[in-house]
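> Mind having a look at this structure? Questions to follow.
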Amino acid sequence: MGNWNKNGLCTQLSLGSSLDLIQTGTLNELIFTRDWQERACSKRCVAPAQSSAEWATVEKLAIFTPRIPMASSSSIAVRELPIFPLPEVVLFPGRPLPLHVFEFRYRIMMNTVLESDRRFGVVMWDQAQGKPAAVGCCAEIIQFQRLPDDRMKIRTLGQQRFRVLEYVREKPYRVGLVEWIEDHPPEQNLKPLAEDVSQLLQDVVRLSAKLTGEPIELPDTMPQLPLELSYWIASNLYGVAEEQQALLEIQETATRLEREVEILTSTRNHLAARTVLKDTLNDTL
């Protein structure tokens, strides 16, 4: 089932037994957000990003700089990168991640990063193994606001994926030697597979809307290209960081999309069954 706010927007869509999507915004600009990840971040070194209204004020105060082109893996294969481990957080290329940084060592990190190329690595902290995951995503700070007590609100955007080869420093924060990783060139036409994923997502949204009786629309900005779509879908899975991490590590776009087909098919079937049950109960009343 989904949770819906007063504007009729879905705040949580069930994907199968435990996979969920987060969706907030306005009817004119519906976006999928990472509120669940922000809540997880608050357990360690960051707090949830603020409301849209507060960020509107932040945007007026924020400092902007021109985007620095990302070096390709062919031009710089290996580099040192500050590492920001976060529990239950998996960042994907092209996806936003707002953070409210208050822990001292990570304030130091952000100040250092802002003086260089504004990039740092986000990796999921594996709580079961007590260590960060080996594969993460580079985040670029695109907007920030300094608060009076040196805390900081930042908005980042996922750039390129990387694999940590080794850690060259642990204090005051981790710095890793990383290599960039990319998906291998596809050996097949991925457009039909991407279309299947898009159709399944539309089915999930349609069935969720029918179950709740509330309107819901996918954003017009949803990616159409297979690679970007695969990241977009993966980034919006809710409460299943290990599944997201597995999707992040995959280096075959087709394999990632196929797994998402499985997830969305399971979700669609689950919602369809609930819709039939709802209709049956309504007929008996």
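> Would you work out what percent of the accessible area of segment 161-250, with all protein chains in place, is carbon or sulfur (probe 1.4 Å)? Display every interim value, and only then the final one.
Values: 2210 of 4530 Å².
Reported share for carbon and sulfur atoms: 49 percent.
> Oh, and also: On full extension of the chain, what length is gained from residue 191 through residue 262, given 0.36 nm per residue of separation minus the C-alpha to C-alpha distance?
Values: separation 71, 0.36 × 71 = 25.56 nm, distance 1.70 nm.
Difference between extended and current length: 23.9 nm.
> Rounded, prolate or oblate for segment 86-182? Axes are the square roots of the Cα gyration tensor eigenvalues, ordered a ≥ b ≥ c, and the cut-off for rounded is a/c under 1.5.
Values: a/c = 1.58, a/b = 1.34, b/c = 1.18.
Prolate.
> Turning to a different aspect of this structure: Does anything in segment 192-224 have its amide N under 15 Å from the 7 Å Cα→Cβ label point of residue 281, and if so which residues?
210-213, by backbone N distance to the label point.
> I would also like to ask the following. Shape verdict for segment 164-228, please, from the Cα gyration tensor: rounded (a/c under 1.5), prolate (a/b greater than b/c) or oblate.
Details: a/c = 4.39, a/b = 1.81, b/c = 2.43.
Taking the square roots of the gyration eigenvalues as a ≥ b ≥ c, segment 164-228 is oblate.
The values are calculated or read from the model by the stated rules, or taken from the named source; none is laboratory data. This structure is a prediction, so every number in the text was calculated from the model and none was measured. Here the Cβ is made from the backbone with ideal geometry for all residues, glycine too, and neighbour counts use every protein chain on show. Keep in mind that these areas ignore ligands, DNA and RNA; they rest on the heavy atoms of the full protein, side chains included. Shrake-Rupley method; radii C 1.70, N 1.55, O 1.52, S 1.80 Å.
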